[in-house]
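Structure, as structure tokens:
The values are calculated or read from the model by the stated rules, or taken from the named source; none is laboratory data. As the structure is a prediction and not an experimental result, all values here were calculated from the model. Please note: Cβ atoms are built from the backbone with ideal geometry, for glycine as well, and neighbour counts cover all protein chains shown.
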Amino acid sequence: MRKTLKMAFVLYKTDGSPPARAAMMVVDLLGLKVKTSEVFPPTGDHLKPEFVQKNPIHTIPFIEDGNFRLADSHAIITYLMSKYGDDKKLEWYPNDLEVRATVDQRMYMDATIVFPKIRAMLATSLIDRKSVPTNEQLAEVKEVYGILEKYLEQTRFFAADHLTLADISLVASVSTLDGVIPVNEFPKLSQWFETMQQYDWYQSANKPGLEKITKMFHKNNKLAITERKLQNN
Ligand SMILES: N[C@@H](CCC(=O)N[C@@H](CS)C(=O)NCC(=O)O)C(=O)O
């Protein structure tokens, strides 16, 4: 049974967005009942004055929990776990200083290195109308996969031998990258990704949006290749 929150809670999101999916997975993992509001950046919803007024950085996910407002998936998932995590808190965002710092570092890596690779491919695909990945993007993503592989040689999951918020944050991004550049050359990363797909919260909150965005990449790639052929004729 889902937990009804006392304060009015709204999650602004669209299913295709990897960081929005990280927030959605934590909502499902915690069994929270929240109101959602669709913000679809490709049609400019995120730049509507009423949204920018509330959320000057105009990114999704974004939450309103009563009068409290917060942007950024990493900040949102640690807030949700700290506030509503009950018995899950100690496992998913541990108090142990070193484990918590490691969770934070992996999430900063997601925010600054992993997720920006997807954003770059979206721009190439939707704005430049070119097929992805470019050779440069392929090399960059494989370098990232190599770093992630090394972390998984140290611990079973990204920050410990058990699941933490770092895994939720990274699976939203890695699953999206995998739709364009498969992780299968990296054994530990592939095994971790397979494990992640077993969980109910992955199936309910990550899979549907992931399928939409992956289809879009492949459709745009076909269009870009056809356009290039037409230009060359
Ligand atoms: N670091 C942010 C990134 C969020 C982000 O860039 N979301 C995209 C959608 S996938 C967005 O809102 N784009 C609109 C914009 O950048 O204004 C997070 O983790 O929430």
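Here are the numbers:
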quantity: Residue that is under 19 Å from the mean Cα position of the chain (by Cα) and surrounded by 12 or more Cβ atoms within 10 Å (Cβ to Cβ), where the choices are Asp200, Asp167; calculated: Asp167
quantity: Residue check, Ala111 under 18 Å from the mean Cα position of the chain (by Cα) and surrounded by fewer than 14 Cβ atoms within 10 Å (Cβ to Cβ); calculated: no
quantity: Search result, residues across region 108-128 that are charged (D, E, K, R), farther than 11 Å from Val174 by Cα and within 10 Å of the ligand (Cβ to nearest atom); calculated: Arg119
quantity: Selection from region 9-44 of residues that are exposed (fewer than 15 other Cβ atoms within 10 Å of the Cβ), assigned to a loop (DSSP other than H, G, I, E, B) and within 14 Å of the ligand (Cβ to nearest atom); calculated: Phe40, Gly44
quantity: Failed criterion for Thr78 (all others in (1) within 9 Å of the ligand (Cβ to nearest atom); (2) within 20 Å of Asn206 (Cβ to Cβ) hold); calculated: (1)
quantity: Residues that are surrounded by fewer than 11 Cβ atoms within 10 Å (Cβ to Cβ) and more than 8 Å from the ligand (Cβ to nearest atom), drawn from region 45-65; calculated: Pro49, Glu50, Gln53, Pro56
quantity: Residue in region 132-147 that is within 14 Å of the ligand (Cβ to nearest atom), at pLDDT 95 or above and within 21 Å of Tyr202 (Cα to Cα) present; calculated: no
